[in-house]
Amino acid sequence: KASGAPPVNSARLFRKYRYFLTLLLGCVFLFCCHSIVNTFNLQIITSKGGSSSEMGTATAIAACIEIPGMILFAALNRKIRCGTLLMFSGLFFCLKCLASQLVPSIPSYYCIQIFQLFGWGIYAVASVRYVNSIMGPEDTVKGQGWLTVAELIGSVIGTIVGGFLIDWVGIPGLLIFGLCAGMVGTVLIGLCNRKIRIPTAVNQ
């Protein structure tokens, strides 16, 4: 990891960190999956017999469960590499999307919010830490900026494509698309992780 050098422009940034674009693409797909479950939460809950009241409860449960995941990250990172944790969080994005399709009732939908613990709860910290780990100090601000752009693009794509899908193929097709996007994102992050080996926090 370089240090003490001036920051590079975006084109040179992607040449300097060859697998950073792969990471960003993975985050685009992950956020596509994430935004589908969150943006169309009301429609998903309605398909299981719920209403806006149940959506509020499910959202509150998910928000509370995220916090322990963020707190647990430091302890997990002492034993597990940051890139592995990031890929692990992608798997839980996928599991939540899949479970959202499979569960038959509102109580069971409440239960699957537990996936938020290792999904968004881990991703929120791991993504930032990972970018900081693979880049020199002079490039981390630009790297974090590109990560935010990737997440925004994924959210927009998920919302727009999801809006069309929910009209064409309904909730099942919408969630299948979200699951596929999440799986692609997880695989891309895994490919990046294989090329860039970041040590655990103990060895950093």
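Every number here is computed from the coordinates shown, using simple stated rules; none is lab data. Since this is a predicted model, take the numbers as computed values, not measurements. Glycine gets a Cβ as well: all are built from the backbone with ideal geometry, and neighbour counts include every protein chain shown.
A few points about this structure:
- Residue match in the range 68-89 (condition: of a type in the set (D, E, K, R), touching a helix residue (DSSP H, G or I) at 6+ places or on another chain (Cβ under 7 Å) and crowded, with 16+ Cβ neighbours inside 10 Å): no
- Residue in the range 5-20 that is without any contact (Cβ under 8 Å) to a residue 24 or more places away in the chain, outside any helix (DSSP H, G or I) and more than 21 Å from Val128 (Cα to Cα) present: no
- The one condition in (1) closer than 21 Å to Tyr109 by Cβ; (2) in contact (Cβ under 8 Å) with a residue 12 or more places away in the chain; (3) in a helix (DSSP H, G or I) that Lys48 fails to fulfil: (3)
A quick yes/no check of all residues on (1) surrounded by fewer than 21 Cβ atoms within 10 Å (Cβ to Cβ); (2) over 14 Å from the mean Cα position of the chain (by Cα); (3) over 25 Å from Ser10 (Cβ atoms):
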| site | (1), (2), (3) |
| --- | --- |
| Leu102 | yes, yes, yes |
| Val141 | yes, yes, no |
| Leu147 | yes, no, no |
| Ser155 | yes, no, no |
| Gly170 | yes, yes, yes |
| Leu175 | no, yes, yes |
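- Among helices (runs of 4 or more DSSP H) entirely within the range 101-204, having at least 2 residues that are closer than 30 Å to Gln43 by Cβ and out of contact with any helix residue (DSSP H, G or I) (no Cβ under 8 Å at 6 or more places or on another chain) singles out 106-111, 140-168, 170-195.
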